[in-house]
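Remarks on the structure that follows.
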Amino acid sequence: RPSVVDIPVVVHVVHNTPEQDVGEAQIHSQIDVLNKDFRASNPDVDQVPPVWRDLVADVRLQFHLARTDPLGRPTDGITRTRSATADWDTDDLVKFSLSGGHDAWPADVYLNVWVCKLRRGLLGYAQFPGGAASTDGVVVTHSAFGTTGTATAPFDGGRTAVHEIGHWLNLRHIWGDDDEGCSGSDFVSDTPNQAGPNLGSPGFPHVTCNNGPDGDMFMNYMDYTDDAAMFMFTKGQAARMDATLDNARLTLTR
Ligand code: ARG
Ligand code: ZN
Ligand code: CA
């Protein structure tokens, strides 16, 4: 792909309390994080261990709040819906007006991002390419969205949306989703094989699955570490996202 792709985003804020009705500054802070992390211009990229510096990828994606709505009218790229539902699950009900949420905008044109309160401490979830347009996009809990407003440590770095957009572009978890086993794969060749998810902020190196001396790439956005402890995609992951944008999500690049 020769040039940077700029993806229009619609943020659907679905709120039951004033706190859940996140402000514009919080939304813009999230877009800013996406525009740094997907260009490897995040200020913490220099914390990548020297052994992996050559693998750091500029994914060459940018994001902007949509400027026209599905009917061609000017918009700020934000919808706001007051709902009787206090919190939401991963059952996609937040994605439908009929169930108290807000319908997706056409998924071949927009990246849909729903911001609401998720239950059970869930930070976010995403739909992989190839699913129904009506549920396509990512959902992020308001307290892990952006870097200001209701964003709360240790998930106040905007990295939940980065991780979820990784899934939306077909990235798997870096440990291969086999919990603590060494046989799962993320189908990316330049990420070390890793046993299970890492939480918090591990010390380098953290060796599992005979992946020494360098160990797990726990600072990858597709691990489960804290926002301040994750700061890179690899070139292999970027290639996988590129392939998605060339196929299943091609319409979003035009
Ligand atoms: N648990 C979520 C998922 O699997 C997101 C985890 C995001 N991690 C973070 N540090 N923000 O999709
Ligand atoms: Zn995930
Ligand atoms: Ca594994």
*Looking at the range 112-135, which of the residues that are touching a residue at least 60 places away in the same chain (Cβ under 8 Å) and in contact with a Lys or Arg (Cβ under 8 Å, 6 or more places away or on another chain) is nearest to ligand 1 (Cβ to nearest atom)?*
Trp114
*From Pro202, Pro213, Pro192, Pro197, which residue is within 21 Å of Asp58 (Cα to Cα), open to solvent by 10 Å² or more (accessible area, probe 1.4 Å), at pLDDT 95 or above and assigned to a loop (DSSP other than H, G, I, E, B)?*
Pro192
*Report yes if Pro106 is modelled with pLDDT under 95 and at negative phi, otherwise no.*
no
_Subset of the range 115-135 [buried (at least 22 other Cβ atoms within 10 Å of the Cβ) and more than 16 Å from ligand 2 (Cβ to nearest atom)]_ = Val115, Cys116
_Please verify whether Thr79 is open to solvent by 60 Å² or more (accessible area, probe 1.4 Å), touching a residue at least 12 places away in the same chain (Cβ under 8 Å) and in contact with a strand residue (DSSP E or B) (Cβ under 6 Å, 6 or more places away or on another chain), treating the condition exactly as stated._
no
*Quick one: would you say Asp177 is within 16 Å of ligand 2 (Cβ to nearest atom) and either open to solvent by less than 10 Å² (accessible area, probe 1.4 Å) or assigned to a loop (DSSP other than H, G, I, E, B) (or both)?*
yes
*Determine which single condition Thr160 fails, assuming it passes every other condition in (1) among the hydroxyl-bearing types (Ser, Thr, Tyr); (2) part of a loop (DSSP other than H, G, I, E, B); (3) open to solvent by less than 40 Å² (accessible area, probe 1.4 Å).*
(2)
*Which numbered condition Gly146 fails, given (1) away from ligand 3 (no atom under 16 Å from the Cβ); (2) open to solvent by less than 10 Å² (accessible area, probe 1.4 Å); (3) in contact with an Asp or Glu (Cβ under 7 Å, 6 or more places away or on another chain)*: (3)
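The values are calculated or read from the model by the stated rules, or taken from the named source; none is laboratory data. Since this is a predicted model, take the numbers as computed values, not measurements. All Cβ positions, even for glycine, are placed from backbone atoms using ideal geometry, and neighbour counts span all protein chains on display. These accessible areas exclude ligands, DNA and RNA; they are computed on the full protein's heavy atoms, side chains included. Shrake-Rupley method; radii C 1.70, N 1.55, O 1.52, S 1.80 Å.
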